[in-house]
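Nothing in this text is a laboratory measurement; each read-out follows from the coordinates by a stated rule. Predicted model only: the values in this text are computed from it and were never measured. Cβ sites come from the backbone with ideal geometry, for glycine too, and all protein chains shown count toward neighbours.
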Amino acid sequence: MEKLITFLFLAFSFVVSSNGNSLAPAAYFFGDSGMDTGNNNYVKTIANVSRWPSGVDLNNQTGRFCNGKTIADFIAINLGLPMAPAYLSLNELARSKTTTGINYASGSCGILSTTGETGCLTLQKQIEYFTSTLKQDLPKAIKCEEELRRYVSKSIFVLIIGANDMNPMVSRTLVELNEKLNPGSPKLKLGMPIPLIVVEKMGVLLLEQLTQHIKTLYELGARKFLVSDYYGGVALQERVKPFSDAKFTYFETNALTKEVTEHPAKYGFKNIKDPCYNETQHLLCPNRKEYMKWDMAHTTEAANEIAGKDCFNDAYGGHACKPLTLEELAKAP
Ligand SMILES: *[C@@H]1O[C@H](CO)[C@@H](O)[C@H](O)[C@H]1NC(C)=O
Ligand SMILES: *[C@@H]1O[C@H](CO)[C@@H](O)[C@H](O)[C@H]1NC(C)=O
Ligand SMILES: *[C@@H]1O[C@H](CO)[C@@H](O)[C@H](O)[C@H]1NC(C)=O
């Protein structure tokens with residue numbers, strides 16, 4: 001009996017301390033294939049990785065566009081939280097018990113609802129699912145309304161999305177805008193330079209839409225945002241000024257990628273050019289830790305870990321998250 005009590009006490013204190021050690025109560029993720037931790041396994045879409053070698057270094061758990069953990073996973077881990085499960089992987093009971101964060105991201109989708117392969121979760125849909133989490137599920141675990149409000153305001157909201165909106169293979173609006181602004185020009189294809197006027201018009205449209213989605217989350221009580229900086233953090237900073245009691249930091253890895261590319265050995269990489277996974281040959285590289293690229297469009301777990309640490313506390317001087325590091329964002333009042 002005494003042993004049992006000791007065990008229960010230890011188990012209980014572990015639960016308490018593991019919650020106490022995280023820097024935020026939860027992290028909620030919105031995005032594309034860089035963030036997706038398995039949602040596309042549960043929808044009908046060709047943009048799925050529900051087969052080997054997805055997750056080959058994560059007990060063969062498929063659904064990530066990577067050999068192992070994504071940046072979303074490392075953001076959660078660095079905050080001291082469990083990796084956020086894919087929303088669509090949770091049943092109703094699991095949804096009502098998950099209070100440390102959920103991942104709504106979906107490979108091939110973008111900021112615009114017109115972007116993506118059929119079936120992927122648009123950003124609008126992802127935010128609708130979060131709204132359902134907040135209204136239907138979280139109140140079952142966090143019964144006091146005031147506590148729930150505080151919990152949402154302290155949680156980290158990660159939106160790393162927008163690359164696909166500039167990809168002519170999945171962005172219908174990009175292709176249409178090019179046809180409209182450059183009538184008679186060849187149809188935009190991957191790898192072709194996008195005319196500046198189209199880039200500029202798309203940029204404005206994407207910033208507008210992203211701001212609308214951030215506004216929805218803000219109105220639901222979110223106050224701490226980590227947002228990708230594809231279309232100008234400065235421009236987005238202007239647009240989010242009305243949400244003056246919210247904190248924003250921006251994710252951008254150009255400087256970090258340059259640093260890693262110039263000094264690969266320092267980061268344990270032997271190959272920064274070729275993808276580890278050759279999709280046409282269906283072959284894997286022998287040592288996945290030595291590669292920066294996973295496939296033609298995604299980075300390896302090893303590279304994601306570096307980006308995650310740099311975002312967390314500028315570990316490699318690459319300023320992946322600025323002006324605030326993730327740690328500063330989480331610790332901010
Ligand atoms: C997953 O993708 C493959 C092609 O890559 C496709 O043949 C298959 O139908 C997709 N699965 C679902 C459930 O959509
Ligand atoms: C993962 O799947 C591959 C291919 O089916 C298999 O060879 C390997 O042993 C599996 N690894 C684990 C850890 O189950
Ligand atoms: C995949 O392997 C084939 C045969 O070795 C090679 O020709 C091709 O360039 C490789 N693809 C990539 C993306 O590295």
If we keep only residues of the stretch 297-307 that are in a helix (DSSP H, G or I) and over 14 Å from ASN254 (Cα atoms), then the residue farthest from ligand 3 (Cβ to nearest atom) is GLU305
Can you tell me which condition ALA94 does not meet? The list is (1) under 23 Å from GLU128 (Cβ atoms); (2) among the small types (Gly, Ala, Ser); (3) not in a helix (DSSP H, G or I), and all the others hold. (3)
Just the residues that are within 27 Å of ARG149 (Cα to Cα) and either surrounded by fewer than 11 Cβ atoms within 10 Å (Cβ to Cβ) or small (Gly, Ala, Ser) (or both), please, taken from the stretch 184-219. GLU219
Filter the stretch 42-56 for residues that are closer than 22 Å to GLY101 by Cβ and either of a type in the set (Phe, Trp, Tyr) or more than 16 Å from ligand 1 (Cβ to nearest atom) (or both) and give the result. TYR42
Tally up the residues in the stretch 43-93 that are surrounded by fewer than 22 Cβ atoms within 10 Å (Cβ to Cβ) and within 16 Å of ligand 3 (Cβ to nearest atom), please. 1
Determine if the stretch 58-68 includes at least one residue that is of a type in the set (Phe, Trp, Tyr) and over 26 Å from TYR291 (Cα atoms). no
